[in-house]
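In what follows, a structure is listed as structure tokens, so that the remarks can point back to it.
The values are calculated or read from the model by the stated rules, or taken from the named source; none is laboratory data. Everything numeric in this text was worked out from a predicted model, so none of it was measured. Reconstructed Cβ throughout: ideal geometry from the backbone, glycine too, with neighbour counts over all protein chains shown.
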Amino acid sequence: MDTALINLIIFVALGTVSLVLSVLAVSSKSLLRSATYLLLVLLCTAGFYLFLNYHFLAAVQVSVYAGGVVILFVFAIFLTTKNDEKMVPHERRRYVLGALAMLAGVALTAFILLKREYLYRDNTSMLGDAELSMQTIGQTLMGTEKYQYLLPFEVLSILLLACIIGGLLIAKKK
């Protein structure tokens, strides 16, 4: 079997699974199930990174997002909900507005994809030798020059700290 066909099958399978799990994450009536579906979506995203030979980004995706953020969500769910508490159904107007927003997003994505030529071709970055070195990634993440990300990295860490403090304040008993 041709490698291009195998790559296409893997991509379509990852995309389909990710799409189905995303819909399940936002439509589940249980918060814990939604967090579990979110975890699986983030693991599918790591699969996309592996598919593109971005091993470092796949490892970061699994360790930071799938490992850290989802665990924080699960702790927040356990701290803030009661054992018998169920999510209340929304009114029909919210479902209609959500469906319209989803259709607008799909239409915009289809317009962009059809306007440009994004046909599947052999990708040279799939060969493995085009992967960035860890030294280049580290210098880019911790540099202060143009197109380097130390300031956004620090701002994100402050934002995450504020989210943790906010979650603790919400979860604190009266």
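In the set (1) exposed (fewer than 11 other Cβ atoms within 10 Å of the Cβ); (2) at pLDDT below 70, MET87 fails one condition alone, (1).
Out of VAL20, VAL26, VAL41, which single residue is surrounded by fewer than 18 Cβ atoms within 10 Å (Cβ to Cβ), at pLDDT 90 or above and either among the β-branched types (Val, Ile, Thr) or touching an Asp or Glu at 6+ places or on another chain (Cβ under 9 Å) (or both)? Lay out the reasoning, then the answer.
Details: VAL26 fails: at pLDDT 90 or above; VAL41 fails: surrounded by fewer than 18 Cβ atoms within 10 Å (Cβ to Cβ).
Step by step, each of VAL20, VAL26, VAL41 is checked, and only VAL20 is surrounded by fewer than 18 Cβ atoms within 10 Å (Cβ to Cβ), at pLDDT 90 or above and either among the β-branched types (Val, Ile, Thr) or touching an Asp or Glu at 6+ places or on another chain (Cβ under 9 Å) (or both).
Results for (1) out of contact with any Lys or Arg (no Cβ under 8 Å at 6 or more places or on another chain); (2) of a type outside the set (Gly, Ala, Ser); (3) more than 26 Å from ILE170 (Cα to Cα), shown as yes or no for each residue.
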| residue | (1), (2), (3) |
| --- | --- |
| VAL17 | yes, yes, yes |
| SER34 | yes, no, no |
| ASN53 | yes, yes, yes |
| HIS90 | yes, yes, no |
| ALA104 | yes, no, yes |
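Any residue at all in segment 122-135 that's modelled with pLDDT of 75 or more, in a helix (DSSP H, G or I) and β-branched (Val, Ile, Thr)? No, there is no match, as no residue in segment 122-135 is modelled with pLDDT of 75 or more, in a helix (DSSP H, G or I) and β-branched (Val, Ile, Thr).
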